[in-house]
């Protein structure tokens, strides 16, 4: 016979699992929203002709949320279409405007920074040390809220200008 303690413990574990899943889904949705909105505040020296492609490395959750958000956004981005590509390896990446790199891909950072500099796309990550490694935008969590930092020196290096409004919204700007 199962004791009341075991039932309570099972219920608590189930609640925690559900809570953690809900937090991950919420965080993915916020990151996706940021990624789509970044496009409005960035100018490339070499503007993509037909639209923007947001690449996502190893985060199907973020990729699917970008697709959902971008469906109604064509008019907001100077009539440029937004496409989403999900990648599992750095060698697959080409023709993106932005690339979001999910946690756990540090071993590919150097290769991605080099690729970003050749193809002029913005690298966005979420792990400590990302900006110092050559990333342009890093998501950070402050008081349980997702914010971002910007490496404006790296943005200039890849031929990207960021609006003063975007820079003012950043938690920190490295110059």
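So what is the relative contact order for region 31-174, in percent, with contacts set as C-alpha pairs under 8 Å and at least six apart?
Numbers: 248 pairs, mean separation 33.3, N = 144.
Dividing the mean separation by the residue count of region 31-174 yields 23 percent.
In plain terms, the residue of 152, 59, 161 with the fewest other Cβ atoms within 10 Å comes first and the most crowded comes last, giving 161, 152, 59. Ordered by the number of other Cβ atoms lying within 10 Å of each residue's own Cβ, fewest first, 96, 36, 142 fall into the sequence 142, 36, 96.
At q = 0.11, 0.12, 0.14 Å⁻¹, what log₁₀ I(q)/I(0) does a Debye calculation on the Cα points of region 31-174 give, no solvent, two decimals? Debye curve over Cα of region 31-174, log10 I(q)/I(0) at q = 0.11, 0.12, 0.14 Å⁻¹: -0.35, -0.42, -0.59. Cβ-to-Cβ counts within 10 Å put 86, 52 in ascending order as 86, 52, the fewest first.
Need one number: % antiparallel among DSSP beta bridges in region 58-165, to the nearest 5.
Working: 6 of 11 bridges.
Bridges in region 58-165 that DSSP calls antiparallel: roughly 55 percent.
Relative protection proxy for 98-111, 162-175, from highest mean packing down: 98-111, 162-175 (other beta-carbon atoms within 10 angstrom).
Each label was represented as a point 7 Å from its Cα along the Cα-to-Cβ direction; for residue 60 and residue 106 these points are 2.6 nm apart.
A short reminder: the numbers here are calculations on the coordinates, not readings from a lab. Everything numeric in this text was worked out from a predicted model, so none of it was measured. In this analysis, Cβ positions are derived from the backbone assuming ideal geometry, glycine residues included, and neighbour counts consider all displayed protein chains.
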